[in-house]
Every structure is written in C-alpha cells, then in structure tokens.
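The values are calculated or read from the model by the stated rules, or taken from the named source; none is laboratory data. This is a predicted model, so every value here is computed, not measured. Backbone-built Cβ (ideal geometry, glycine too); neighbour counts: all protein chains shown. Only protein heavy atoms, including side chains, enter the accessible area calculation; ligands, DNA and RNA are left aside. Shrake-Rupley method; radii C 1.70, N 1.55, O 1.52, S 1.80 Å.
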Amino acid sequence: MTGALVLCGSGEFTPAMETVDRELLSRIRPRARVAILPTAAGLEDTPGTWVAKGIDHFRALGAEPYGVMVLTRADAHDTQLTLAISSADWVYFSGGDPGHLVETLGASPVWAAVLARWRAGAILTGSSAGAMMLGETTFVPVGRGPDGLPTRVITRPALGLLSRVIVAPHADAIPDRLLVEWADLRP
C-alpha cells in the first residue's frame, strides 16, 4: 500500500494549502509526524526559513512537524538524517532548484528511506521543485530574468517516481511563449 502522492505547483506552508493539508492530515493518525525537507533550497540561504514556515503551518493544523536538513549529497548519506525519515507519517519537499534536488537525493539512503515510508503508507508531497523531481524527467532552469523567472531551461532525468511525466509548476506565471518552447524539449 502506498500513501498519497501530492504534487503542488507552489504555495507550500501558506493559507492556500490549509484546506488540502487539513484534509490529508485527517486521513492519518492524530498528531502525525511531518518531515519537512528543504533540500531543493540547499544552494540558497532559505532552508531554515522553509523549515520554520512548515513547522508553523503544520503545528497550527495539529501535527508534529520537524525539519530534516538534507541540503547536500553528503547529508543524503547521513545515517541520522536517514533515520529521521523512518518515523514520518508525511514527507514534504519544499521548492527551490530541481537540478540540485535530483543530484542530492538520487540513489541515496535518504531517498530510499522516503520511498520506504511512502510505500508503507506515508504521504509524500513535493511543491514546486519538490514536485518536479518526482517525474521521470525534470526541467532545470539555466538562466533567469530580472523577475526571477527562468529564461532558459534544459531537461535531465529526475527521480522517476512517475514514469513518462514532467512536472511543470508555476505554469500560470510562465509566459506562454516559453511554455511552448520548453514543450519541445521533452525527451
């Protein structure tokens, strides 16, 4: 039995997700343990912020959230961080850089622990880059404009949980001309 798989375009840990997260929590045990992994933000200065936001959000919903600071490839092989996943009822990956996320987690003990929990019934959620890594292929931004939006992307193999799928979050914020251009990049 696998748990629910939730792909979010964005909005993690905000009021926009409150109804969805409350409903999902109602399907698992009271005081559910929610592991928050800011791995995709490992190249930024925001991982602590993502964890703090996630803890505030899920604590307000009655869960027992905690951060798992897997930010580097070495972290993804750390025994203590791998063990932190083993008791999670819900594993939640926030946004950031999908390429970094795939490089960090691919074929690692932490990723194996995440899959084991999901296959045992835990919820697995990815938001933005956290969702992008779950497909067979992911877009990876290689250039950004002054607005922060990608100006150029490439594709690369992702973690392959969803075969023949490319997850493209924030599609409502990307100009149509870029979406058409990027659609031609799919393998």
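Taking Cα centre as origin and charging only the Cβ of basic (Lys, Arg, +1) and acidic (Asp, Glu, -1) residues, the dipole magnitude of the chain rounds to 520 debye. A protection proxy built from the mean count of other Cβ atoms within 10 Å ranks the segments 155-163, 57-65, 102-110, most packed first, as 102-110, 57-65, 155-163. Excluding ligands, DNA and RNA, the accessible surface per residue across the chain is 47 Å² with a 1.4 Å probe. Normalised radius of gyration (Cα atoms, divided by 2.2 N^0.38 Å) for the stretch 1-127: 0.95. Between the amide H of ALA158 and those of THR137, THR138, distances stay under 5 Å, these residues lying 5 or more places away or on another chain, with hydrogens modeled in the peptide plane. Taking amide H positions as modeled 1.01 Å from N, with prolines and chain starts lacking one, no residue 5 or more places away or on another chain lies under 5 Å from THR72.
Hydrodynamic analysis of the stretch 79-149 uses the Kirkwood radius over alpha carbon pairs. Inserted into Stokes-Einstein at 20 °C and 1.002 mPa s, it gives a translational diffusion coefficient of 164 µm²/s.
Note that the stretch 144-160 has calculated 3J(HN,Hα) couplings of 10, x, x, 7, x, 6, x, 9, 8, 9, 10, 10, 8, x, 9, 7, x Hz, one per residue in order, obtained from phi through the Karplus relation 6.51 cos²θ - 1.76 cosθ + 1.60 (θ = phi - 60°); glycine and proline are x. Note on the stretch 31-70 and the stretch 92-115: Cα centroid distance 15 Å, given to the nearest whole angstrom. FRET efficiency for the pair THR49 and THR2, taken as 1/(1 + (r/R0)^6) with r the Cβ-Cβ distance and R0 = 41 Å, rounds to 0.85.
Each peptide in 83-92, 8-17 receives the mean, over its residues, of other Cβ atoms within 10 Å, and ordering these scores from highest gives 83-92, 8-17. Kirkwood Rh over Cα pairs of the stretch 56-113 into Stokes-Einstein at 20 °C, 1.002 mPa s: D in µm²/s? It diffuses with D of about 175 µm²/s by this estimate. Derived scalar couplings between HN and Hα for the stretch 78-90 equal 6, 4, 5, 5, 5, 5, 4, 6, 5, 10, 6, 8, 8 Hz in order, rounded to whole Hz, by the Karplus curve 6.51 cos²θ - 1.76 cosθ + 1.60 (θ = phi - 60°), x for Gly and Pro.
If R0 equals 22 Å, the separation of the Cβ atoms of ARG164 and VAL142 corresponds to a calculated FRET efficiency of about 0.40. The listed residues ARG144, ARG33, once ranked by accessible area (1.4 Å probe) with the largest placed first, stand as ARG144, ARG33.
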